[in-house]
Amino acid sequence: MNIRFFVLLTALLMLSGCASLRNGVADGVQPVIATHELDSSELLDVAIVAFDSEELTEKEVRKLGLSEEIRQAEERYIPIHLKYTMQRTGQWGAVRVVPDESDAHLQVKGNIIHSDGERLTLEIKAFDARGIKWFEKTYSEAPKLEEYHALAAGEKDPFQDLYNTIANDLLLHRSQLSVDDVLKIQQISELRTAQDMAADAFAGHLSRDEDGIYSLVRLPVEDDPMLRRVRAVQIRDDMLLDTINGYYENYYNDLWQPYADWRKLYKEELAALKEVQKQALTRQLFGVAAIVSGVLLSSNNSVSSTNLPEVMVLGGAAAIYSGFQKWEETKIHKDVIEELSLSFSSEAEPLVVEVVGETVRLTGSAEEQYQKWREMLRDIYAAETGLPLDSAGEEIPAPSSAAAK
């Protein structure tokens with residue numbers, strides 16, 4: 001009897017491991033929409049940096065059929081969909097996806113902890129231009145199968161509850177800022193950009209403590225010609241980022257259908273795989289229980305003379321064999337998942353775009369390209385001020401009349 005109880009308990013524990021993970025975010029979360037158009041003085045611009053991701057494990061690659069190509073696509077897809085979610089609320093200024101860190105009013109950084117089409121887990125950090133961290137949180141969701149239907153590009157994703165929760169958390173921290181806080185964030189953001197363009201000219205306007213927090217020391221006069229030139233360069237920078245976002249959005253639109261299909265089919269295949277594994281495990285466990293019971297009965301003189309113990313042992317062996325056959329069926333589903341992954345990877349090729357006369361691939365090298373674009377902006381600033389740049393990108397004074405002689 002003790003052995004039978006142990007076998008049954010083992011079966012229940014193992015089967016419970018097949019249960020779906022609970023969602024880390026609530027179901028049916030709705031984004032908080034602005035009830036009226038906000039004044040520009042109330043709005044913060046947002047830069048969502050292209051996400052990073054955890055390295056895929058051997059299990060994720062070999063057993064789940066995931067790939068680096070899919071993960072790289074998600075590093076761009078996820079921040080773009082978050083951008084769309086935040087834009088629809090009307091609670092923010094310009095929301096852009098950027099290849100690298102910036103001096104925007106608010107910067108959002110993300111890391112993909114886990115993503116397999118069935119469950120998404122993200123680590124999100126948010127900092128404002130002062131360097132103050134708003135929060136660092138982990139979000140996770142495992143949607144129901146019906147949530148993979150009736151999707152809409154840029155509007156409804158299977159993990160929309162997760163995106164809405166992130167947007168609402170950002171808004172919650174934004175709502176805790178005073179009018180003076182918002183103004184300081186806007187001013188510090190502009191002065192940080194100015195220091196990037198001309199460090200010496202704007203060196204005394206900001207201070208930074210050992211924790212990396214910026215404080216406003218003094219403001220330049222409003223009609224400062226250096227500041228006007230910085231603002232002119234900033235407009236060009238924003239235009240460039242808008243162009244980059246156009247490429248990101250095209251990439252997102254190209255990915256939408258194959259990625260949506262891949263996740264839906266992956267979810268269905270994974271559910272079928274788990275069901276088959278559950279059936280196989282059940283058969284094997286009952287087979288083991290039957291064999292153990294048959295052996296125990298064979299030692300009982302009152303029943304050992306009957307065929308019952310032998311029948312139970314043979315029946316148990318047959319159940320175990322049937323279970324192994326079920327395990328073989330799981331390979332079919334794994335093959336389908338791998339096929340889906342390969343199909344998705346082939347359709348998710350990075351875009352090649354033409355920017356300022358250069359061919360750029362929106363892949364991991366986009367971050368390096370963005371740094372080149374920033375250097376180009378410094379060239380523009382130098383041209384605006386009439387000061388040339390040396391090879392290191394530093395301003396150098398024009399030669400004096402005496403030196404010219």
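The values are calculated or read from the model by the stated rules, or taken from the named source; none is laboratory data. What you are looking at is a predicted structure, and each value in this text was computed from that prediction instead of being measured. In this analysis, Cβ positions are derived from the backbone assuming ideal geometry, glycine residues included, and neighbour counts consider all displayed protein chains.
Which of the residues that make up the stretch 188-238 are of a type in the set (G, A, S), surrounded by fewer than 18 Cβ atoms within 10 Å (Cβ to Cβ) and modelled with pLDDT under 90?
A199, A203, G204, A232 - these are the residues of the stretch 188-238 that are of a type in the set (G, A, S), surrounded by fewer than 18 Cβ atoms within 10 Å (Cβ to Cβ) and modelled with pLDDT under 90.
Could you grab the pairs with beta carbons closer than 7 Å, sequence gap of 6+ or different chains, first residue in the stretch 251-267 and crowded, with 18+ Cβ neighbours inside 10 Å, second one β-branched (V, I, T) and assigned to a helix (DSSP H, G or I)?
Y252/I80; Y266/I337
Mind listing just one residue for me: the one in the stretch 98-121 that is of a type outside the set (V, I, T) and part of a strand (DSSP E or B) and, of those, surrounded by the most Cβ atoms within 10 Å (Cβ to Cβ)?
L120
Quick check on the stretch 169-187. Is at least one of its residues surrounded by 12 or more Cβ atoms within 10 Å (Cβ to Cβ) and small (G, A, S)?
Among the residues of the stretch 169-187, not one is surrounded by 12 or more Cβ atoms within 10 Å (Cβ to Cβ) and small (G, A, S), which makes the answer no.
Taking the stated definitions as given, is T35 polar (S, T, N, Q), within 16 Å of the chain's Cα centre (by Cα) and modelled with pLDDT of 90 or more?
Taking the combined requirement at face value, the residue does not satisfy it.
Name the one entry in I124, I80 that is within 15 Å of the chain's Cα centre (by Cα), assigned to a strand (DSSP E or B) and either surrounded by fewer than 16 Cβ atoms within 10 Å (Cβ to Cβ) or of a type outside the set (K, R) (or both). Give the steps one after another, and end with the answer.
Working: I80 fails: assigned to a strand (DSSP E or B).
Result of the check over I124, I80: I124.
Among the candidates L183, L172, which residue alone is in a helix (DSSP H, G or I) and touching a residue at least 12 places away in the same chain (Cβ under 8 Å)?
Testing whether each residue is in a helix (DSSP H, G or I) and touching a residue at least 12 places away in the same chain (Cβ under 8 Å) leaves just L183.
D223 fails exactly one of the following numbered conditions: (1) of a type in the set (D, E, K, R); (2) over 30 Å from R119 (Cα atoms); (3) part of a helix (DSSP H, G or I). What is the number of that condition?
(3)
If you scan the stretch 51-77, which residues turn out to be in a loop (DSSP other than H, G, I, E, B), among the small types (G, A, S) and out of contact with any Asp or Glu (no Cβ under 6 Å at 6 or more places or on another chain)?
S67
Looking at D52, D27 in this structure, which one is at pLDDT 90 or above, surrounded by fewer than 16 Cβ atoms within 10 Å (Cβ to Cβ) and within 26 Å of L265 (Cα to Cα)? Spell out the reasoning first.
On the way: D27 fails: at pLDDT 90 or above.
Matching residue, one of D52, D27: D52.
Can you work out which of the residues in the stretch 135-151 that are aliphatic (A, V, I, L, M) and not in a helix (DSSP H, G or I) is nearest to Y266 (Cα to Cα)?
A142
Being closer than 30 Å to G24 by Cβ, small (G, A, S) and exposed (fewer than 14 other Cβ atoms within 10 Å of the Cβ), is that true of even one residue in the stretch 140-151?
For the stretch 140-151, residues closer than 30 Å to G24 by Cβ, small (G, A, S) and exposed (fewer than 14 other Cβ atoms within 10 Å of the Cβ): present.
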